[in-house]
1. From the set of residues in region 135-158 that are more than 16 Å from the chain's Cα centre (by Cα), free of Cβ contacts under 8 Å to residues at least 60 places away in the same chain and surrounded by fewer than 19 Cβ atoms within 10 Å (Cβ to Cβ), which is farthest from residue 230 (Cα to Cα)?
2. Just one of the numbered conditions (1) at pLDDT below 95; (2) under 15 Å from the mean Cα position of the chain (by Cα); (3) at negative phi is not true of residue 375; which one?
3. Just to verify a result, which residue in region 332-346, among those that are part of a loop (DSSP other than H, G, I, E, B) and in contact with a strand residue (DSSP E or B) (Cβ under 7 Å, 6 or more places away or on another chain), is surrounded by the fewest Cβ atoms within 10 Å (Cβ to Cβ)?
4. Assess whether residue 376 counts as being farther than 25 Å from residue 152 by Cβ and loosely packed, with under 14 Cβ neighbours inside 10 Å.
5. Would you please name the residue that is modelled with the lowest pLDDT, looking only at residues in region 161-205 that are out of contact with any helix residue (DSSP H, G or I) (no Cβ under 8 Å at 6 or more places or on another chain) and assigned to a strand (DSSP E or B)?
6. Any idea which of (1) touching a helix residue (DSSP H, G or I) at 6+ places or on another chain (Cβ under 8 Å); (2) within 16 Å of residue 291 (Cβ to Cβ) is the one residue 266 doesn't satisfy?
7. Could you run through region 308-331 and say how many residues are at pLDDT 95 or above, within 20 Å of residue 278 (Cβ to Cβ) and not in a helix (DSSP H, G or I)?
8. Tell me whether region 263-284 contains one or more residues that are over 20 Å from residue 119 (Cα atoms), buried (at least 21 other Cβ atoms within 10 Å of the Cβ) and in contact with a strand residue (DSSP E or B) (Cβ under 6 Å, 6 or more places away or on another chain).
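The values are calculated or read from the model by the stated rules, or taken from the named source; none is laboratory data. Since this is a predicted model, take the numbers as computed values, not measurements. Virtual Cβ from ideal backbone geometry, glycine too; neighbours counted across all protein chains shown.
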């Protein structure tokens, strides 16, 4: 049961319903009035002809840069950052603010987030020189926050998987993993001696600085994949920092671009993408195949909504060839926090028939996914657990 008082409940409903409820619930004054005006400028914009909508509630943000800058400042003052990010995203979509984002003054007023970075990357080709430095600062801030969020977990998960994958069955005494050795030999337990007599020793391989796995991230940069492109670029940079991995990053639309050389700086990686355009997955996989020289020690991660504009049959055949050669193939419909994406169900089903499940993955779950891929665990089971836990 709600513990809100009658006046507080009425206040909240007044802010939710806007000016249409003014006659019944009264006017919003003071701070509530400012919040109401900020919401009205966005969500009631362009509704002057709607029944019951007064002129005060239909002006919107218009095309005035100073007015937009004030509005951006207002919403940052009155709402928490998570709400600000939603409102900014809605404003870009509903009020066509992309043109104004090309002004440095606008970028200084916004709340940086993944979606804003995606919008800026889509404008990269038309961005004037005076705006690019401000845009880079916004992207850098978001990248730094993402790196803090994902780096430690990614390094720990992947390093652990590589160590476990290096287990050997004839270890030196100092390299024996007694826990796994005992569990692997429980059937040889001797009750009279109250001990396990191991027939097979399980141990860790000696640590090495050699490259143990090749990882190829192949990322669809069509417009709908904006958030996935941002997260993929940052993850690729983190993986590339590990000496035990040889990491490549390939992005594609109808053309293919290899961004591996930029992986030392994820901001450069992101500005090397070009969001929008068509999709040729087959061409991207064909290029990626050339990068795979050790199939059984390679992980290929395709991140795409699978809407193929190229030759579908060849795309599926190439995936089948990689899996037959021993490549661990992972297909992600999205790498983002946005929930279930739209995707090509027919292509996803065709990949599943090849033993390659296609599923969405959150950034928080991606390190564990990479660990599972490196250890060649059942990715179908991983995907099912991911779906059941909602991670």
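1. If we filter region 135-158 for residues that are more than 16 Å from the chain's Cα centre (by Cα), which is where we start, we get 135-138, 140-141, 152, 155-158.
Then keep just the ones that are free of Cβ contacts under 8 Å to residues at least 60 places away in the same chain; that gives 135, 137-138, 141, 152.
Pick out the ones that are also surrounded by fewer than 19 Cβ atoms within 10 Å (Cβ to Cβ) and you get 137, 141, 152.
Values: 137: 15, 141: 13, 152: 18 Å.
Among those that are more than 16 Å from the chain's Cα centre (by Cα), free of Cβ contacts under 8 Å to residues at least 60 places away in the same chain and surrounded by fewer than 19 Cβ atoms within 10 Å (Cβ to Cβ), it is 152.
2. If we test residue 375 against (1) at pLDDT below 95; (2) under 15 Å from the mean Cα position of the chain (by Cα); (3) at negative phi, just (2) comes out false.
3. 340
4. Spelling it out, it is not the case that residue 376 is farther than 25 Å from residue 152 by Cβ and loosely packed, with under 14 Cβ neighbours inside 10 Å.
5. Looking at residues that are out of contact with any helix residue (DSSP H, G or I) (no Cβ under 8 Å at 6 or more places or on another chain) and assigned to a strand (DSSP E or B), I get 176.
6. Condition not satisfied by residue 266: (2).
7. Residues in region 308-331 being at pLDDT 95 or above, within 20 Å of residue 278 (Cβ to Cβ) and not in a helix (DSSP H, G or I): 1 in total.
8. The answer is yes; a qualifying residue exists.
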